[in-house]
Structure formats: C-alpha cells, structure tokens
Amino acid sequence: MKSVREVFKIGRGPSSSHTMGPERAALIFKKEHPDADAYQVMLYGSLCKTGKGHGTDRVLYETLSPVPTEVIFCKEMPEDVTHPNTMDFIALKGGQVYDTMRALSVGGGDIQIPGREAEQSEDVYPENSFAEVMEFCQFRTLDLAEYVELTEGPQIREYLATVWEQMKKTIQEGLETEGLLPGPLKVERKAKKLYDFRMEHDHPQVSETRLISAYAFATSEQNADCGTVVTAPTCGSCGVVPAVFKYVQDHRGLTDDQMISGLEVAGLIGNLIKQKASVSGAECGCQAEIGSACSMAAAGLDYLYGLSTNQIQYAAEIALEHHLGLTCDPILGLVQVPCIERNAVAATRAMNACNLSFFLSDTQRISFDIAVRTMYETGISMNKRFLETSEGGLAKMYGRRNTI
C-alpha cells in the first residue's frame, strides 16, 4: 500500500481524474518530446463523454502549450482500451507520428502508463487491509496515527500540515466568494449564504449542520471554479473531510497538531480503499468518491474524539456502506450538480456515522474490509451510464426536463 500522500494531493479542480491526471500525463509526455511540432491527444470513455464539462481539453491545451495541440474526443472505444479514463498522446514531427504514449487516469489525480510500472510510486505499507493494520497495531500497542507515523516517518506530519493549511485556506476563500460558477448551469455560490444565515433561535444541532454544510459548499465551489483544493480522496469529493475537520477544530478547540493526527487516520482509510477497490467515479461511481470521503471523515472524527481503533473502523464502515450504489451522474459533465450539495450531505453523514460508532460498536456485523470489497464489486457491476458519463441518472433526466 502506498503513502497517504497519494490520497491528499494539492492541485486545481474541478476533477482529479479529468484535470489533474491528464495534466500529469501531459507534463510527462511534453518533457519526453520537447522537439515535437504538434501533439494530438485522444480521449476515450468518460474522458470523452464528460471531458469538456470537466475541463480536460482546457488543461491539456494549457499544459502542452505553446506546441500546437489537437484534443480529439473519441466516441468509439478501441478494443484494446479497458479503463474508462484512457488517453493516447501522439507526438508529430514534420507531419508524421514519431512516438505515442497511453495513460490511464485512475482517480485521485493518479495515472498509470502501461509498461512503466517502475515509474509508479513505491509501496510503503506492508499491510493491505484494516484487519492486518489492526492486528499490527494491537501487537505493537499503537493507535492508527502512530501506525502511520511509524510506517511513513515523521516527515509525513510536515506534509499533512501543508495539506491542512490548504484545506483551511480553500474554505476561507470559498466563504468570501459570491456570484455564479462558470458554465451553462449558472449555479449560484451558496457557501457564504449558508455561513451567514441566522435564525432567531439557532438550535445547536441546526447550527452544526449549517456550518458543516457551509464549509463543504465553500470547498466544493472553489473546486468547481477551478480553484486550488486538496483531493480527499478526489477533487469531486474534496469538501467532506475539510468541512467536518474545520467544524470540530473550531468547536472543540483542537490544535493543528491534533488535526494532523486526524488526517493521518483519514488518509489511512482512503489509502485502504484505493488499494482494495477504487476512488474513481468513472470506474465505480460516486460511491467510490463521496462514499470514500465520508468514510475517511468519519474515521478521522472518531480518532479526534478519542474513540477506539475498533470504533474507528466501524465508523468508516457505516459511512461507506450507506453510500453503496451511489451513481456518478454530473449534469452536463460539470462538477456542480449534484456534486457540490452531495459533499455537504456526506459531511453531515460522517458526523452521524461517528456518533453511531460510539453507541453501537459492539453490535457490528459487517467489517470495513467487507464494505470496501462490496463497494468495488458494486461499482464494476454498475451500468456504464452511471459511471461519470453523464448519460444516465440526473444528467439524463435534466436533459429531458422539457419533455417530462
């Protein structure tokens, strides 16, 4: 299993798989072919169907500039294309093709280049399931944050300190910005409105939901506006962990050091999901993005509240289990509807999962590891129209709204 750095990446939105991944691949190809007269990029699957809405073509043009570039949206899937986020890079010189490179954007900003496995980041953790992690921690008398630090070294805290600062900065920027998000949907930013909203008798529970939702909207709206965010574990689900962590820090008076420990635990959960399943909406639906983010947030909350390792895995399981089957159906291919609101709903669900794990951990029947395997099996069995293609679900119905 790889470093939690692979879960938390700082970059530009709106999509880790559709903008961050293609950008990384384009930078590699450009570096290897600096003398090309022109580039072509062929986009397949979900990259083809929702690439314009996600800004894939824009980021490719910007990254490969100033060399003339043609981005081609290929509606037909070649037989040798097996991953839904596949792209072929072509370098031309004197009008002739002189080299190509295939890249897969596998979620969370990660890419794979077939035949170049040696270039992938190395495994850091020998354990590959929560059961293995818990067994090791019990043997060594460690909590989960201590386990992450023991495995990755103290430098991981320095990295996560930068991550936490960026999360807070993104929330603040989102709360200070009003107006419409880019694109034909004309979606109004709502974070500031939620944050400023006051009732005559603001019940604590209502206030909690409002503030958590405001922080989730702030982060997700920044992502939709191509701002700088932290994948957690993806851009499309980047609002969940920061929202609940910001709320808890403010209302519990926790230090940044404590929040970093919480991020270690949240990152470990995201890491396990990436290892055993997927965090890609194009591969497993939004259950893999929002469901994973909710699971990470719930586990991190449990740790910050001082709950046991078993309660932490129960919270992570509850959060993931109750997102099973969630489709990825962004309207017009934009990471706006239902994505932004979905982050706020998942953030409040993470709080609920945390509370339930405190009361009911001795009644658990489904382990976190089982929930992860179930999510993956559900995702790969899901109709392709519901896997970030904008061909099913809300995206389809929105397109037909005038005929219903």
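Scan the stretch 366-400 for residues that are of a type in the set (Ser, Thr, Tyr) and open to solvent by 80 Å² or more (accessible area, probe 1.4 Å) and jot them down.
Listed by number, the list holds a single entry, SER381.
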Kindly indicate which of GLU127, GLU135, GLU70, GLU146 is at pLDDT 95 or above and closer than 22 Å to TYR376 by Cα.
-> GLU127
Could you please tell me which pairs satisfy a Cβ distance under 7 Å, a separation of 6+ or placement on different chains, a first residue in the stretch 69-84 that is within 15 Å of LEU104 (Cα to Cα), and a second residue that is of a type in the set (S, T, N, Q)?
-> PRO84/SER46
Across the stretch 56-90, what is the total count of residues that are assigned to a strand (DSSP E or B) and under 21 Å from SER280 (Cα atoms)?
-> 4
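Provide a single number: the residues in the stretch 6-22 that are under 24 Å from ALA218 (Cβ atoms) and more than 12 Å from the chain's Cα centre (by Cα).
So the answer is 2.
Quick grid of which residues meet (1) hydroxyl-bearing (Ser, Thr, Tyr); (2) assigned to a helix (DSSP H, G or I); (3) open to solvent by 20 Å² or more (accessible area, probe 1.4 Å):
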site: CYS238; (1), (2), (3): no, no, no
site: VAL244; (1), (2), (3): no, yes, no
site: GLN249; (1), (2), (3): no, yes, yes
site: GLN258; (1), (2), (3): no, yes, yes
site: GLY262; (1), (2), (3): no, yes, no
site: ALA266; (1), (2), (3): no, yes, no
site: ILE269; (1), (2), (3): no, yes, no
site: LEU272; (1), (2), (3): no, yes, no
site: GLU283; (1), (2), (3): no, yes, yes
Matching residues in the stretch 58-85 - criterion: being over 21 Å from LEU387 (Cα atoms), open to solvent by 70 Å² or more (accessible area, probe 1.4 Å) and out of contact with any strand residue (DSSP E or B) (no Cβ under 7 Å at 6 or more places or on another chain) = GLU62, PRO66
Within the stretch 150-182, the count of residues that are part of a helix (DSSP H, G or I), open to solvent by 80 Å² or more (accessible area, probe 1.4 Å) and more than 27 Å from ASP250 (Cα to Cα) comes to 1
Could you list, in sequence order, all residues of the stretch 314-330 that are open to solvent by 10 Å² or more (accessible area, probe 1.4 Å) and either part of a helix (DSSP H, G or I) or under 28 Å from TYR303 (Cβ atoms) (or both)?
-> TYR314, ILE318, GLU321, HIS322, HIS323, LEU324, GLY325, LEU326
Kindly list, by first and then second residue, each pair from a residue in the stretch 216-227 that is of a type in the set (Val, Ile, Thr) to a residue that is part of a helix (DSSP H, G or I) and open to solvent by less than 20 Å² (accessible area, probe 1.4 Å), limited to pairs with Cβ atoms under 6 Å and residues at least 6 apart or on different chains.
-> THR219/THR170; THR219/ILE171; THR219/GLY174; THR219/PRO242
Residue check, GLY333 against (1) modelled with pLDDT of 95 or more; (2) within 19 Å of the chain's Cα centre (by Cα), all met but one. Which one?
-> (1)
Within the stretch 113-145, residues within 30 Å of THR82 (Cα to Cα), of a type outside the set (A, V, I, L, M, F, W, C) and open to solvent by 90 Å² or more (accessible area, probe 1.4 Å) come out as GLU117, GLU119, GLU122, ASP123, PRO126
Only one of these is more than 16 Å from the chain's Cα centre (by Cα) and outside any helix (DSSP H, G or I): LEU254, LEU301. Name it.
-> LEU254
For the stretch 96-110, enumerate the residues that are touching a strand residue (DSSP E or B) at 6+ places or on another chain (Cβ under 8 Å) and outside any strand (DSSP E or B).
-> GLY109
Can you pull out the residues in the stretch 183-234 that are open to solvent by less than 50 Å² (accessible area, probe 1.4 Å), closer than 26 Å to PHE8 by Cβ, assigned to a loop (DSSP other than H, G, I, E, B) and at pLDDT 95 or above?
-> ARG189, THR231, ALA232, PRO233, THR234
Residue pairs within 6 Å by beta carbon, gap of at least six or interchain, first lying in the stretch 107-125 and farther than 23 Å from LEU150 by Cβ, second open to solvent by 70 Å² or more (accessible area, probe 1.4 Å) and modelled with pLDDT of 85 or more, listed first then second, are ILE111/ARG24
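The values are calculated or read from the model by the stated rules, or taken from the named source; none is laboratory data. Model, not experiment: these values are computed from the prediction. Reconstructed Cβ throughout: ideal geometry from the backbone, glycine too, with neighbour counts over all protein chains shown. Side chains are part of the model used for accessible areas, which takes the heavy atoms of the whole protein and leaves out ligands, DNA and RNA. Shrake-Rupley method; radii C 1.70, N 1.55, O 1.52, S 1.80 Å.
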